[in-house]
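The values are calculated or read from the model by the stated rules, or taken from the named source; none is laboratory data. Computed from a prediction, not measured in an experiment: that's the story for all the values here. Neighbour counts are summed over all protein chains in view; Cβ atoms, including those assigned to glycine, are modelled from backbone coordinates with ideal geometry. Accessible surface areas use protein heavy atoms only, side chains included; no ligands, DNA or RNA. Shrake-Rupley method; radii C 1.70, N 1.55, O 1.52, S 1.80 Å.
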Amino acid sequence: VRAQMSGGRNNCRFADYFVICGLDTESGLEPDELQLLLCENFEQSPLRRTFKSKVLAHYPDNVEWNPFDQDAVGMLCMPKGLSFRTQTDIREPQFHSFIITREDGSRTYGFALTFFEEVTSKQICSAMQTLYHMHNAEQYDILHTPPTPRSPEDTRSTPQQLHAAPCLSRLQRFNSYDISRDTLYVSKCICLITPMAFAQACRRVLEQLHQAVTSPQPPPLPLESYVYNVLYEVPLPPAGRSLKFLGVYGPVVCQRPSTAELPLFDFPLQEVFELLGVENVLQLFTCALLEIQILLYSQHYQRLMTVAESITALMFPFQWQHVYVPILPASLLHFLDAPVPYLMGLHSNGQDDRTKLELPQEANLCFVDIDNHFIELPEDLPQFPNKLEFIQEISEVLLAFGVSSEANPQCSEGLGKLRGFRSGDMASDKRNGNLAGSPLNSYLLRENQTIARLQALVKRTGVSLEKLDVKEDTSTNKDSKVQCDEEEMKMHQLNIRVREVFANRFTQMFSDYEVFVIQSSQDKESWFSNRDQMQNFDKASFLSDQPEPYLPFLSRFLETQMFASFIDSKILCHDDEDKEHTLRVFDSRVDKIRMLNVRTPTLRTSMYQKCTNIDEAEKAIEMRLCKIDHTALHPHLLDMKIGQGRYEPGFFPRLQSDVLSSGPTSNKWAKRSAPAQWRRKDRQKQHAEHLYLDNDQREKYIQEARNLGTTLRQPKLSNLSPSVIAQTNWKFVEGLLKECRNKTKRMLVEKMGREAVELGHGEVSITGVEENTLIASLCDLLERIWSHGLQVKQGKSALWSHLLHYQESKEKRDATPAERRKSDAGCAMPPLKVSLIQDMRHIQNISEIKTDVGKARAWVRLSMEKKLLSRHLKHLLSEHELTKKLYKRYAFLRCDDEKEQFLYHLLSFNAVDYFCFTNVFTTIMIPYHVVIIPSKKLGGSMFTANPWVCVSGELAETGVLQVPKNTLEITFEIYIHSKPHECLDICQNLGKLTTVQMGHDNSGLYAKWLVECVMVRNGITGHTYKFPCGRWLGKGVDDGSLERILVGELVTSMENEDRMCRTPPTQQSPGMMRRFVTISPNKLNTGQIQEGVGEAINGIVKHFHKPEKERGSLTLLLCGEYGLVWALEQVFQHGFKSPRLFKNVFIWDFLEKAQVYFESAEQSQVTQDENWQMRVRHFCHFMRAINSTPRNIGKDGKFQMLVCLGARDHLLHHWIALLAECPITAQMYEDMALLKDHSLVNSLIRVLQTLQEFNITLEASLVKGIGI
């Protein structure tokens, strides 16, 4: 809506200014140095060069609500400057529109018609003749340089070759401008500056004005009468009304949507789909929604504007919040360096292809080559939800109008060649696929598989295309009284149908968004002052309600500025009267959806729902165009002096400024054409539509809130002095630093969760999708920082390019050996080297990553996982000479204070653990380094057996690996490329490590081994896991086990001086347990044991309440330190009798005796109920299966296996009840034992019953060899 408004209620005129631009004969020919510099046009013939154009006149001088911006209007009316032609060139008029966006985001539209007029100034013609003499002499020298076609050097000298061939013909045809023989023409432009984008109406007005000076007969009235009429006597049509006014030769009609309809849009969407195809339009639309930098590229200005306006209009109810320059003047090309999201249009000269276009940053750029129907997308672009069904629905709408769903090269090329591209003709030319007749349809269906499939689909729904054609024909007959051109009517119909389909996607996706808006309890001042620290939307809860396929897109979209601004405006507008137009329309549609969903609930499903209100929207437009609501005052003779307003055929004159400087003293058009009641209603509607601009206080809040996430919203199109450019770049630097601060804080709060609830984040949780989104967003920010002020470009990623330069310079100098990290006390592994180059090599060795952008992102993820991102970047930027060579002085990376703050913000990531590399690159090969540490007291020096290990992780396991014997510290490495003597296997990424199975074959004289622990380190990320053991492996010692399953945890090293305070490791039991275990490790009382069981069960319950992808290791919660197995061990050990000195009795001994008792009780047919018998059978079956396993696990290992299987099959509480009642318990336990206390046993059973609702899946290593 903001786009439709230029400045409050004062302005209700159709147009604010009429402008004439062109050649100022007094100042003569001034070359456009900047254009020449950028385009290297010195070799171009003078007719192909550009010269400075000027605003020759504008009427009136100024209006208070929209001050005239001469520089901006001059640049955008004639972005290429002046062009010259001769009588041999095509000189068709060209129409284009443009937009001037002020710094506050409000917009003014311009509509320009550029045509050629004969040059009458002899001085200009003589100057052109002189330029040609000079140019022809230079070209003659080039052409007569002897060519060397077969030499290899010649293949490199392409610029001269490219010019040589065409220049022969140019010398004959163009380069022989003769002042006596040729007629010289120069471009001129007439333009309307308007508050609203009535593109079709403005095009008609300008074309008729141009026709008036080129037709043989003079116009009925002086030109001033028509210009005065459109400036002062034609009002803006009120909302929901249509208006007709007279041009020079015919009526002009425009209509404006009501406040309940989609906002005004008057550009042909058909043209966009014909140029790009539905698939590309949807991809471009997705990029815009995710606020990716977008660069449009075309040699036609109007195409740039049409595509940009179409994409932003289709976003309803969201609005583009960043830099928006659909036509980027040549003098602003430095703005492509902007490290912010932008949507810009770049003019192509039609000769250079994409490969020759060097752009400052391409890592996160969507490049759209409109003329060649081609779109270049950034990596990792998520799919728009229900993309295929969405494409199908759009294609059906286009098909009904005879428009192909794929790009149509013939259409666009024909327009470019034959008519010099006139935007209106695109929509009004029946040769472009707008015919609804069956011959065209059958041709399209024959030639196009997609449409053939669609036709089959349409037929299945019971509709034939012939019926559609009939409908088209009858509608045109019925609408013979439509007041506008038939093709314009068709444009409106197609536009509204497509826009409704797009708008329906958002009403379906966000139909329950209001539930998740976090309304502030503070007053507006407090809310605003804390705005950047507050969350305005409960993202985690919203995403948890969405279908899985939507998450990659939605999680990124919820992080955008446009979404935040939309929610901000929702928070600030409490009632309907306060709401912005877009918000009010969207909310009313959401209300309708919700009412329907009460009857047929479809929320939270990915079922595709088509748009149902197309006909209603189309009918509203047809009604307005069939019955015109208002007619403006007709043009009339003005009070002009005798001799004024003379007609000069072929020339558009400067008009009489005295009669055009001000309008009528009273509003004549209002009195004559509208009753008072209508005027009052119009004012009320306008007031309602633009209320948000009238309330200064609220506008300040919304605008400031929008600016929080952005830096510079628009480039100034005036005063391009070096100081202004420097100031702009300084704003970019400040903005990047602010964005870095906000991003790091957001990521830390999400990860750590301490402040989350206080800051309105809701429950502490972060999903993998969300974490990936935030890290991808950080990678994008780093790319933008590294692209700012870049001088030397190498590949698409500026960050990777810098890293490669650094690597090259270091390797040349044979850099000093990388530092080693200080090792932990007692760590048996030599610490990994801290090396930026080594981490780069790891990434370069990953064959799966093909692109520079991908490598840069992988390197950032690896550095974050290793907690070295800030340190690595500090080393990279410490090479000052390299930074100076690569970056301009104003670049962010050369602003020392800001750079230091930036590195400090990144340092805060060291406070949390990220697995963003390990969890994303799941298929890569990784070297692992394993060390088995025997007990120092009873070491393995005598050990004779053959040991083995098997390492398991969340993603895979290594399989059994034999370990070389007769070494105190046995080390082996699983490497990718290098081949050490101990190399045993090549291993893919195991993910987070969970268990190590280890054992030996019991061979030799001394087959007893006391192992303290096993250490395993990931050779790329440096993550080290410790698997404590502290037990013997051997027959006749300890519990007789020849193999053990060890459960490990990540070692938290505290050595790094950059390391900040850490969060506690994610999966350890609470500190309470640790406290009382250290006090009395062997004498826990019943209260402490109950608490231990409760905490172990609680950990498992929490595990299952997390999203599936976010769960940690269940094995750790079952078998790890203070896990379920440990807790039940304490239960069974409490009050356990020890029969003799020097003999260990294990829990498994008790369980085996109980098994014998139960089996004998079953055989003796002791009368027990059926439930008891079922539980006994289960218990005995599991005991037999574990005892008969081929694995050499000891008694404690068997107990662990029984607990895990009992938890999996929800039998633990039954077994506890059985054992508590068993006579064997009375024999083997003291009277004070927990198992003999009925109330404590019942309490334990109730706690264990909570596991019944969870589907526990055990890791394969825990239940190997068990066939249950």
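Think of the stretch 1168-1213 as having a plus end and a minus end, set by charges on the Cβ of Lys, Arg, Asp and Glu; of N1171, I1186, H1213, I1186 sits farthest toward the positive end of this dipole.
Near the amide H of L1033, within less than 5 Å, lie the amide hydrogens of W1009, L1010, V1011, all on another chain or at least 5 residues away, with H placed in the peptide plane. Across the stretch 1140-1268, the volume of the C-alpha convex hull divided among the residues equals 131 Å³ per residue. Among the protein heavy atoms, those of W730 account for about 110 Å² of accessible surface (1.4 Å probe, every chain in place). Restriction of the trypsin sites (Lys or Arg not before Pro) in the stretch 284-368 to DSSP coil positions whose beta-carbon has at most 11 other beta-carbons within 10 angstrom yields no sites.
Per-residue 3J(HN,Hα) values for the stretch 546-556, derived from phi via the Karplus relation 6.51 cos²θ - 1.76 cosθ + 1.60 with θ = phi - 60°, read 8, x, 3, x, 6, 4, x, 6, 5, 5, 7 Hz in sequence order (x marks Gly and Pro).
Placing a pseudo-label 7 Å from each Cα along the Cα-to-Cβ vector at S661 and T1257 gives an inter-label distance of 8.3 nm. Skip the ligands, DNA and RNA, and give the accessible area per residue of the stretch 265-354 with a 1.4 Å probe, whole Å². Here the residues of the stretch 265-354 average 16 Å² of exposed surface. Protection proxy ranking, highest mean first, for peptides 216-223, 1010-1017: 1010-1017, 216-223, where packing is the per-residue count of other beta-carbon atoms within 10 Å, averaged. Between the amide H of G345 and those of L296, V325, I327, L328, distances stay under 5 Å, these residues lying 5 or more places away or on another chain, with hydrogens modeled in the peptide plane. Of the accessible area of the stretch 286-369, computed with a 1.4 Å probe over protein heavy atoms only, carbon and sulfur atoms account for 46 percent. Computing FRET efficiency as 1/(1 + (r/R0)^6) for E548 and V515, where r is the C-beta to C-beta distance and R0 is 25 Å, gives about 0.80. Karplus-based coupling profile of the stretch 327-336, in residue order and whole Hz: 10, 8, x, 4, 6, 10, 4, 4, 6, 5, with θ = phi - 60° in 6.51 cos²θ - 1.76 cosθ + 1.60 and x standing for Gly or Pro.
Rounded to the nearest 0.05, the FRET efficiency derived from the C-beta distance between T214 and W65 at R0 = 41 Å is 0.75.
Per-peptide packing, taken as the mean over residues of other Cβ atoms within 10 Å, places 194-206, 777-789, 1191-1203, 48-60 in the sequence 194-206, 777-789, 1191-1203, 48-60 from highest down. Rounded to the nearest Hz, the phi-derived 3J(HN,Hα) couplings of the stretch 1184-1200 under the Karplus curve 6.51 cos²θ - 1.76 cosθ + 1.60 (θ = phi - 60°) are 5, 4, 6, 5, 9, 5, x, 6, 8, 8, x, 5, 5, x, 5, 4, 4, where x marks glycine and proline. Summarising the amide proton neighbourhood of F374: residues at separation of 5 or more, or on other chains, whose placed amide H is nearer than 5 Å comprise D369.
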